[in-house]
Amino acid sequence: MHTARTAIALAAIAALSLSACSRSGDTATAGAAKGASGKKDATVIMSTLNNPFFVSVKNGAQAQAAKDGLKLTVQNANNSDATALNQATTAVSKQTGILILDPVSSQSATSSVAQANGANIPVMAFDRKPAGGKLTSFVGYDAVQAGRNAATALATSIGDKGKVVEIQGILGTNVAQDRSKGFEEEIAKHKGITVVAKQAADFDRSKALDVMTNVLQAHPDINGVYAANDEMAMGVLSALKARSLAGKVKLVGNDGISDALAAVAAGEMYATNAESPFALGQKVTVLAGTILAGKSVPADETLQGKLVTKDSVKDYAQYLVGLGDSADVPPSLR
């Protein structure tokens, strides 16, 4: 990658250049807060903190909250819809200033949104969008484009011909559905490529290892794999290593977690569509503070990721360090 072009791309990410989406659904179209509540506290309910992506979101949100003087309470739903609902109920009963949701599943989060709506507490969501209820704002990366970017990269890595596998995330979430949609639409344009297997591994590393192990038994001659997040990509990579196929079978992931960046640098992964979770957490906190101040915010904000290959991984790592996110950068790239 040319240095000038890289600098421009990274500057664009650093600025978090956003585009408001004209999404249909129950998100408040005006996206305006009803007025300053005077409160400076927010409750964030995370789908999980067992995934490095969401740990980094938490870290970014807390770092920004410390700068902004916002009291941030972060809770872990441990991938349980029931736990997430109970946590939301408690937060609403305590009259939190704003409720911020990362849904376990898009459908189940509707009840939590409805509770906040009924109590006149502003509610926003990030990464995964609730299926119903009124949100003051939603912020997340462009999941459809992420899938497209991955398909293009995978096609390039295998010379536009061969057999590939798609490992999907939690299909009850819009982000998994959208990443799959983007990938499948784009890969279909490459007539020399056949998708020989498609299976969900729920964004989980160990499940992806099991799934990929079984896929390799049925399809030992594959050329490439797309994993819809880097945790699953790491599970896929373990399965490939067990058969001495790492680097031979091209692997593309999504998120840009530390392990994936190290694998890209080592040539074990071809690419990851990097979506800085730390930057997402920062943006979530900035929006929450704006809402609490009674100011208008966009109903939808879409962040764009960046495809990172071996040629650009060092530049991306330095971008993360510049954000204050050295924890998501492997030591070899700091």
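Structural remarks
- Counting only strands (runs of 3 or more DSSP E) that sit completely within the stretch 70-176, those holding 1 or more residues that are in contact (Cβ under 8 Å) with a residue 60 or more places away in the chain and either hydroxyl-bearing (Ser, Thr, Tyr) or over 23 Å from residue 197 (Cβ atoms) (or both) correspond to 71-76, 99-101, 123-126, 137-141.
- Test: residue 180 is open to solvent by 60 Å² or more (accessible area, probe 1.4 Å) and either polar (S, T, N, Q) or over 16 Å from the mean Cα position of the chain (by Cα) (or both): no
- Failed item, numbered, when residue 64 is tested on (1) assigned to a helix (DSSP H, G or I); (2) within 18 Å of the chain's Cα centre (by Cα); (3) within 13 Å of residue 284 (Cβ to Cβ): (2)
- Across the stretch 183-214, the number of residues qualifying as at positive phi and open to solvent by less than 50 Å² (accessible area, probe 1.4 Å) comes to 1.
- Sole residue being open to solvent by 10 Å² or more (accessible area, probe 1.4 Å), under 26 Å from residue 221 (Cβ atoms) and of a type in the set (A, V, I, L, M, F, W, C), chosen from 307, 245: 245
- Residue within the stretch 285-307 that is farther than 30 Å from residue 133 by Cβ and in a helix (DSSP H, G or I) present: no
- The lone exception for residue 174 - which of (1) at pLDDT 95 or above; (2) in contact with a strand residue (DSSP E or B) (Cβ under 9 Å, 6 or more places away or on another chain); (3) open to solvent by 20 Å² or more (accessible area, probe 1.4 Å) it fails: (1)
- Residue identified as closer than 30 Å to residue 309 by Cβ and either aliphatic (A, V, I, L, M) or surrounded by fewer than 20 Cβ atoms within 10 Å (Cβ to Cβ) (or both) among 113, 55: 55
- Residues that are of a type in the set (Gly, Ala, Ser), under 16 Å from residue 59 (Cβ atoms) and touching a residue at least 24 places away in the same chain (Cβ under 8 Å), drawn from the stretch 318-334: 322, 324, 327
The values are calculated or read from the model by the stated rules, or taken from the named source; none is laboratory data. Note that the structure is a prediction, hence the values are computed from the model and not measured. Here Cβ is always computed from backbone atoms with ideal geometry, including for glycine, and neighbour counts include all displayed protein chains. For accessibility, only protein heavy atoms count, side chains too; no ligands or nucleic acids. Shrake-Rupley method; radii C 1.70, N 1.55, O 1.52, S 1.80 Å.
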